1. Would you please list the contacts, defined by Cβ atoms under 9 Å and residues six or more apart or on different chains, that run from a residue in the range 62-75 that is assigned to a loop (DSSP other than H, G, I, E, B) to a residue that is polar (S, T, N, Q)?
2. Being touching a His at 6+ places or on another chain (Cβ under 7 Å) and not acidic (D, E) is the requirement here; does T24 meet it?
3. Considering only residues of the range 12-47 that are surrounded by fewer than 15 Cβ atoms within 10 Å (Cβ to Cβ) and touching a residue at least 60 places away in the same chain (Cβ under 8 Å), which is farthest from I71 (Cα to Cα)?
4. Of these, G89, G55, which one is farther than 20 Å from V8 by Cα, at pLDDT below 95, within 13 Å of the chain's Cα centre (by Cα) and among the small types (G, A, S)?
5. Looking for whichever is under 14 Å from L103 (Cβ atoms), in contact with a Leu (Cβ under 6 Å, 6 or more places away or on another chain) and not hydroxyl-bearing (S, T, Y) here; the options are I75, I58. Which one fits?
6. Inside the range 78-114, can you point out the residues that are hydrophobic (A, V, I, L, M, F, W, C), touching a Leu at 6+ places or on another chain (Cβ under 9 Å) and assigned to a loop (DSSP other than H, G, I, E, B)?
7. I'm checking my understanding of the structure. Among residues of the range 20-52 that are closer than 18 Å to I94 by Cα and of a type in the set (D, E, K, R), which one is modelled with the highest pLDDT?
8. Inspect all residues belonging to the range 38-52 and state whether any of them is closer than 20 Å to H20 by Cβ, over 12 Å from the mean Cα position of the chain (by Cα) and in a loop (DSSP other than H, G, I, E, B).
Amino acid sequence: MLDDNQDVLDVVKEALLYEHFEVTIISETENIIENINRHKPDLLMLDYKMSGLRGDDICRQVKAHPTLNNIPVIICSAYLNKDDILLCGCDAIISKPFGLDELIDTVNGLLLVN
């Protein structure tokens, strides 16, 4: 998960760990593609609006990458225009603020499909 808000990272990490997911959190966009390539995640959760690259920019890079493009991407956003966000190729959008049940259901749904 990539977000520049440590509180969000902590809550999401705890919720996913409770559901027995392995979680890696990152708070900076620097070298993000290299980090993703190194960790080989089953799923990515990206905040839409961060300092540095935005989540949709990172999603476009992931979806264009020959070895990473099959990783499902969730964009978390308080941004209201979901159509704009969907253009980046993400697999799901979770609107902030979000409930933990919505988070877990979305993650489980994407992992079952893939």
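The values are calculated or read from the model by the stated rules, or taken from the named source; none is laboratory data. Predicted model only: the values in this text are computed from it and were never measured. When we count neighbours, we look across all protein chains shown, and the Cβ atoms used for this are built from the backbone with ideal geometry, even at glycine.
1. H65/N37; T67/N37; L68/N37; L68/Q61; N70/N114; I71/N114; P72/N114
2. It is true that T24 is touching a His at 6+ places or on another chain (Cβ under 7 Å) and not acidic (D, E).
3. Looking at residues that are surrounded by fewer than 15 Cβ atoms within 10 Å (Cβ to Cβ) and touching a residue at least 60 places away in the same chain (Cβ under 8 Å), I get E19.
4. After ruling out the rest, the residue left standing is G89.
5. That would be I75, the only listed residue that is under 14 Å from L103 (Cβ atoms), in contact with a Leu (Cβ under 6 Å, 6 or more places away or on another chain) and not hydroxyl-bearing (S, T, Y).
6. Listed by number, the list holds a single entry, C90.
7. Checking each candidate, the answer is D42.
8. Scanning the range 38-52, I find at least one residue that is closer than 20 Å to H20 by Cβ, over 12 Å from the mean Cα position of the chain (by Cα) and in a loop (DSSP other than H, G, I, E, B), so the answer is yes.
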